[in-house]
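The values are calculated or read from the model by the stated rules, or taken from the named source; none is laboratory data. The structure displayed is predicted, hence computed values, not measured ones. In this analysis, Cβ positions are derived from the backbone assuming ideal geometry, glycine residues included, and neighbour counts consider all displayed protein chains. When the accessible area is computed, the model is the full protein with side chains, heavy atoms only, and any ligands, DNA or RNA have been set aside. Shrake-Rupley method; radii C 1.70, N 1.55, O 1.52, S 1.80 Å.
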Amino acid sequence: MLERLIVFVEEYSMEAALEQLLPKLLGDIEFQIIRFQCKDDLLKHAPDRLKGYAAWLPHSWRILVLVDRDDDDCNKLKKRLEQMAAAAGLVTKTNAGHGQRFQVVNRIAIEELEAWFFGDWAAVQAAYPRVAATVPQKAGFRDPDAIKGGTWESIERLLKKAGYFSTGLRKLELARSVAVHMDIQRNRSRSFHAFAEAVTAAMA
């Protein structure tokens, strides 16, 4: 039974979103978010962090490492995360045998956190009521994980068009405002559901 989930994230806005989302997934289970300065900082320093945890991690604790794909090859990035955990002496969900206990789950958000917001456009509308309700039906936005030209740039354009963030998108504010309205089951983003399933697996 999971007693505590430790989550590695690469930046402020993901931390802000997860502060709202994790209680919806975990209920009363405790969690701790370890935020790094950026993706490169996470990839550089996470190995030492993992080695530190490996020395004393309780049986009922799990670690979730969550990074954006950005322009990286998804398979290569996942392999790098898996190798970091293995080098630290920790068993990942991917490498654990059927029914075997694991300590680390690695997940990649495709392409960025903002894809999750496109996946739950009703939550964006709840936070910013003037945005167009028809966005998810438009050709370029039907698949939240395949939006061209960058998801945060796209959401910035749509919000500006609706009269928000005229001086530029404030990603931290956006994350806090939207995540509080997000419905776990409603989200259309595949990467969001991969994240949610990882949390559920960690609870088993």
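Give me the percent of accessible area attributable to carbon and sulfur for segment 1-68, probe 1.4 angstrom.
Numbers: 1430 of 3050 Å².
Roughly 47 percent of what the probe reaches on segment 1-68 is carbon or sulfur.
What is the percent carbon and sulfur in the accessible area of segment 104-185, measuring with a 1.4 Å probe over the protein chains and ignoring ligands? Numbers along the way, then the final one.
On the way: 1870 of 3590 Å².
That share works out to 52 percent.
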Over segment 1-136, with the other protein chains present, what is the accessible area per residue in square angstrom, probe 1.4 angstrom?
46
Rounding to the nearest 10 and keeping the result within 0 to 90°, find how far the Cα-based axis of helix 39-54 lies from the longest principal axis of the chain.
30
Answer with a single label: of (1) 0.98; (2) 1.01; (3) 0.94, which was calculated as Rg/Rh (Cα atoms, Kirkwood Rh) from the structure in view?
(1)
Compute the distance in nm between two label points, each set 7 Å from the Cα along the Cα-to-Cβ direction, one at residue 71 and one at residue 200.
3.5
Label model pair residue 55, residue 183: point-to-point distance (7 angstrom along the Cα→beta-carbon line) in nm is 4.7
